[in-house]
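First up is the structure itself, then whatever we jot down about it.
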Amino acid sequence: SDGSIRLHQLTSEYPLMQWNDSTKGQPIIALQWALTRPAVFFALDASSNIYIWDLLENDLLPVAKQTIPSEKVVTMTLLGEPEKANGLLGIVLAKESGQIDIQYVKKKWALP
């Protein structure tokens, strides 16, 4: 609820990494690992900002931020085929009006 993200290992109650104030205090409403690239995850905050984290490129800050300006996004999920090396990775955004939007991610964050 405060924008903090914690990375846990199942064998410990303490996080391996913790990023405080990663969304400038906005609550995170969805977070998901990339299906095609294990070191990448996406976070959606309550202000319809999507943050892309690539832990191999930078483990301190997100590598990209995209604001969805047209309408409030209420949730997101990722789609892709992890068993294929084609690097296709999409973000499915559900908007407040009920509209669904699919955007494809740049290959540098999608390729295995």
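The values are calculated or read from the model by the stated rules, or taken from the named source; none is laboratory data. Source: prediction; values computed, not measured. Quick reminder, even Gly has a Cβ in these numbers, built from the backbone with ideal geometry, and neighbours come from all protein chains shown. These accessible areas exclude ligands, DNA and RNA; they are computed on the full protein's heavy atoms, side chains included. Shrake-Rupley method; radii C 1.70, N 1.55, O 1.52, S 1.80 Å.
Quick one: which of THR67, THR36 is under 20 Å from SER1 (Cα atoms) and of a type outside the set (Asp, Glu)?
THR67
Residue pairs whose Cβ atoms lie under 6 Å apart, sitting 6 or more positions apart in sequence or on different chains, and linking a residue in region 3-27 that is touching a residue at least 40 places away in the same chain (Cβ under 8 Å) to a partner that is open to solvent by 50 Å² or more (accessible area, probe 1.4 Å) and not in a strand (DSSP E or B), are GLY3/ASP21; GLY3/GLN26. Give region 53-66 a look and list any residue that's open to solvent by 70 Å² or more (accessible area, probe 1.4 Å) and hydrophobic (A, V, I, L, M, F, W, C), or say none. Across region 53-66, the qualifying residues are LEU56, LEU60, LEU61.
Comparison of GLU81, GLU96 shows that the only residue that is loosely packed, with under 15 Cβ neighbours inside 10 Å, of a type in the set (Asp, Glu) and either under 21 Å from GLY3 (Cβ atoms) or within 13 Å of the chain's Cα centre (by Cα) (or both) is GLU96.
Residue count for region 67-78, restricted to those that are open to solvent by 80 Å² or more (accessible area, probe 1.4 Å) and modelled with pLDDT of 90 or more: 1.
Residues that are surrounded by 13 or more Cβ atoms within 10 Å (Cβ to Cβ) and among the acidic types (Asp, Glu): which strands (runs of 3 or more DSSP E) entirely in region 1-52 hold 1 or more of them?
Result: 40-45.
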